[in-house]
Amino acid sequence: MGKMGVFLQYVKLVIFCSLLVAGSVSADWEYDYTASIDCLKEPLSPQYGGGFVENPKMDFGMQGWNVSGEGTKVEIMQTESGNDYLVASNRHDPRDSFSQTFELKKDVLYSFSAWIQISKGREKVAAFMKVSDQESVVVGSVLARAGCWSMLKGGFQVYQDYNAELYFLSNNTRVELWVDNVSLKDFSRKQWRDHQRKSIDRNRKRELRISVTNEEGEKLVGAHVTLNQIKPHFLLGASTTEAIIDNKAYQKWFIRRFTVTSFNNELKWYYTEKENGKENYTVPDAMISFFRKHEIPIRGHTILWDKPMMNSPWIHELSPRQLLNAAVHRMGSVMSRYAGKLASWDVINENIHFSFYEDKMRPNASAMFFKLAQALDPGTMMYLNEYATLEYPLDMEVSPSMYVEMLRSIRSFPGNENMVVGLGQQGHFTYDRLNISYVRAALDVLGATKMPIWLTELDTERGPDQIMELEEVLREVFSHPAVEGIVLWAGWKPTGCNKTCLEDKNFNKLAKGCARMCFTDNNFKNFPLGDMVDRLIREWRTTNMKGATNKKGVYQPLVFHGDYTLTFTHPCSDRNVTRLVNVTKDSWEPLEIQVVL
């Protein structure tokens, strides 16, 4: 190496060391909600400058990186543009790759990203943190490809201090693993909550600029303004059961607080057609009539279900052609009956985990059903609906990356290319699966699709920490800029939250008929879990906000998106003016409102 080369290496080393010192741990960074779902010719720069990863861009060879696996060959290679990256070859075990050791702290939330490529084909590649000889914590995974770079974005937390080893895993040991631009950033819980608050102010609220004058056009100082939200734009609701049809107390309890619903079972095929050819829509008819009367949107859950055991026995007896005819008849029956009456449809439930229709009919059955559904009810949004994408990063079959693949598969079907497909995340969290760092990262990836995202069946495990865990998930989801609505999976029925259910301490295996989440008792007096939900509903609305215009005759409050009544008075005027205002989310600019008193 010549003198100039030595000098350049020295300069790079000085810059590298200064970055390590400046960003070693816990700098007060804004969280980066961006993610890439595209496979790029060159990887993007590491988020947070790499955080506290040593040598994140591989500019200094193997510095900071170790070989993982006996016999594994690890080396630095370069792209055509001169970008350095790590390559692991001669792999004999899925975990054979490269590694780096970190000091992890409990009560800290970690955000991770890396750019991955493989030498041939397509493979799922995961990142893990080895925290002991027997235990590893999954960080995230991505469907990597040859010939371009894919972003793996994930997150995790640990519950005691560890010296942990980051490594990458691919079950196909015949492919080389390539990694570049790795980032690991730590956030305290306070910082995490601050990110939520700032994101809510930025994405759920808008500033009003209210100008008040008299009839002569003179600015009025001290005009009193009262704002009350009639209806929020962000919909937060709960599922319901047929028990709501005739129970006035249940109806009153529900409509006082929730703004959207989904039926637990009453729209499913096995409910409306238990026997072949004998359809009965009496119950869903009544439920839909009630909610439409009260202007509460309804999610259509679900037209079809790809899980074999959730199809009636008579359906399993059909030949492929008969099954196609029956499925098309089912779609025509339920969708023509309720076309234009529902806010959305789950077209084919859980079709990433399961493939009942694909196995019996054709591999592109889901895409075909989406096309038919859009034709039957063209004004209504069609949704995917799946579980474990947010809840369980170890289930790599439904990782955010694989979810995006299903979306692409549906939209690649002829005629579906421009279809807007909603991304339904069920969100069934259990006590050992709540990884709020991963939830945010997964939503980041799904948000990169620019498709609407809903939490469609959100619940948490019944137990001593249920209130805390549900609140944590609700705050995270509500604050995320990509999420548009939430349905809590808590449809009340008399047997669901009775004394026997509530006294059952076997949280992991509830007695038959018992609900995982109980907001209210059978007299519709809230349990503490219901009180917490009510508190958040109040917190996320702008009600009875009072203010006065300044010396310029202007009042500028920051309010949640939604429909409002604004009332104006002034000590020197006997007029009382009320305005209806729709505070939309289509702009970050202040909404100008002119009032004459």
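The values are calculated or read from the model by the stated rules, or taken from the named source; none is laboratory data. A quick note: this is a predicted structure, and the numbers were derived from the prediction, not measured. Reconstructed Cβ throughout: ideal geometry from the backbone, glycine too, with neighbour counts over all protein chains shown. These area figures cover heavy atoms from the full protein model, side chains too; ligands, DNA and RNA do not enter into them. Shrake-Rupley method; radii C 1.70, N 1.55, O 1.52, S 1.80 Å.
Per residue, how much accessible surface does the range 235-322 expose to a 1.4 Å probe? Answer in Å², no decimals. If you can, show how the numbers build up before the last one.
Numbers: 4030 Å² over 88 residues.
Result: 46 Å² per residue.
If you keep only loop residues by DSSP, which trypsin sites (Lys or Arg not before Pro) in the range 404-451 have at most 11 other Cβ atoms within 10 Å of their Cβ? Present the calculation step by step, with values, prior to reporting the outcome.
On the way: sites: Arg408, Arg411, Arg433, Arg440, Lys450; in loops: Arg433, Lys450.
Those that pass, being in a loop and sparsely packed, are Lys450.
Residue by residue through the range 134-143, what is 3J(HN,Hα) from phi via Karplus (6.51 cos²θ - 1.76 cosθ + 1.60, θ = phi - 60°)? Round to whole Hz and write x for glycine and proline.
These are the phi-based 3J(HN,Hα) values: 9, 9, 10, 9, 6, 9, x, 8, 8, 7 Hz.
How much of the accessible area of the range 232-347, probe 1.4 Å, is carbon plus sulfur, in whole percent?
The C+S portion of the solvent-accessible surface of the range 232-347 is 50 percent.
Which ³J(HN,Hα) values, rounded to whole Hz and listed in residue order, are derived for the range 441-455 from phi using the Karplus coefficients 6.51, -1.76 and 1.60 in 6.51 cos²θ - 1.76 cosθ + 1.60 with θ = phi - 60°, glycine and proline given as x?
For the range 441-455, the Karplus curve yields 4, 4, 5, 4, 5, 5, x, 5, 6, 6, 9, x, 10, 10, 8 Hz.
So, taking all protein chains as they sit and a 1.4 Å probe, how much accessible area belongs to Met62, in Å² rounded to tens?
Its accessible surface works out to 60 Å², give or take rounding.
Taking amide H atoms as placed 1.01 Å from N in the peptide plane, list the residues 5 or more away in sequence, or in a different chain, whose amide H sits under 5 Å from that of Ala146.
Amide H to amide H, under 5 Å and 5 or more residues apart or across chains, Ala146 pairs with Ile118, Gly121.
Can you classify the chain as rounded, prolate or oblate using the Cα gyration tensor, where a ≥ b ≥ c are the square roots of its eigenvalues, rounded means a/c under 1.5, and otherwise it's prolate if a/b beats b/c and oblate if not?
Oblate, since a/c reaches 1.5 and b/c is not below a/b.
List the longest stretch of the chain that has no exposed loop site; here a site is one of the chymotrypsin sites (Phe, Trp or Tyr not before Pro) assigned by DSSP to anything other than H, G, I, E or B, with at most 11 other Cβ within 10 Å.
The reported range is 160-587.
Please turn the phi angles of the range 291-308 into ³J(HN,Hα) values with the Karplus equation 6.51 cos²θ - 1.76 cosθ + 1.60 (θ = phi - 60°), one per residue in order, whole Hz, x for glycine and proline.
5, 5, 4, 9, 6, 9, x, 10, 7, x, 10, 9, 6, 10, 9, 7, 7, x
Pull up the DSSP beta bridges for the chain and report the antiparallel fraction as a percent, rounded to 5.
Working: 78 of 115 bridges.
Percentage antiparallel, nearest 5: 70.
Excluding ligands and nucleic acids, what accessible area in Å² is computed for Ser132 using a 1.4 Å probe, to the nearest 10?
Accessible area of Ser132: about 40 Å².
Using only DSSP helix segments of four residues or longer, with each worth -39500 (n - 2.57), what per-residue ellipticity at 222 nm results for the chain after dividing by its residue count and rounding to 500?
Per the formula, -8000 deg cm²/dmol.
Can you sort Asp359, Asp38 by 1.4 Å-probe accessible area, starting with the largest?
The ranking, largest first, comes out as Asp359, Asp38.
Give me the lysines in straight-line cross-link reach of Lys546: C-alpha distance below 20 Å, same-chain residues under 8 apart excluded.
Reachable lysines: Lys205, Lys219, Lys231.
Over the range 488-551, what percent of the accessible surface lies on carbon and sulfur atoms, probe 1.4 Å?
Taking all protein chains in place, the range 488-551 shows 51 percent carbon and sulfur surface.
In Å², and per residue, what accessible area does the range 139-185 have when probed at 1.4 Å with the other protein chains present?
Result: 30 Å² per residue.
Students often get this wrong, so check it: of Lys130/Lys505; Lys153/Lys450; Lys248/Lys278; Lys274/Lys512; Lys268/Lys499; Lys248/Lys274, which have C-alpha atoms separated by over 27 Å?
Too far apart for the 27 Å limit: Lys130/Lys505; Lys248/Lys278; Lys268/Lys499; Lys248/Lys274.
Per residue, how much accessible area does the range 452-579 show when a 1.4 Å probe rolls over the protein heavy atoms, in square angstrom?
Solvent-accessible surface per residue comes out at 46 Å².
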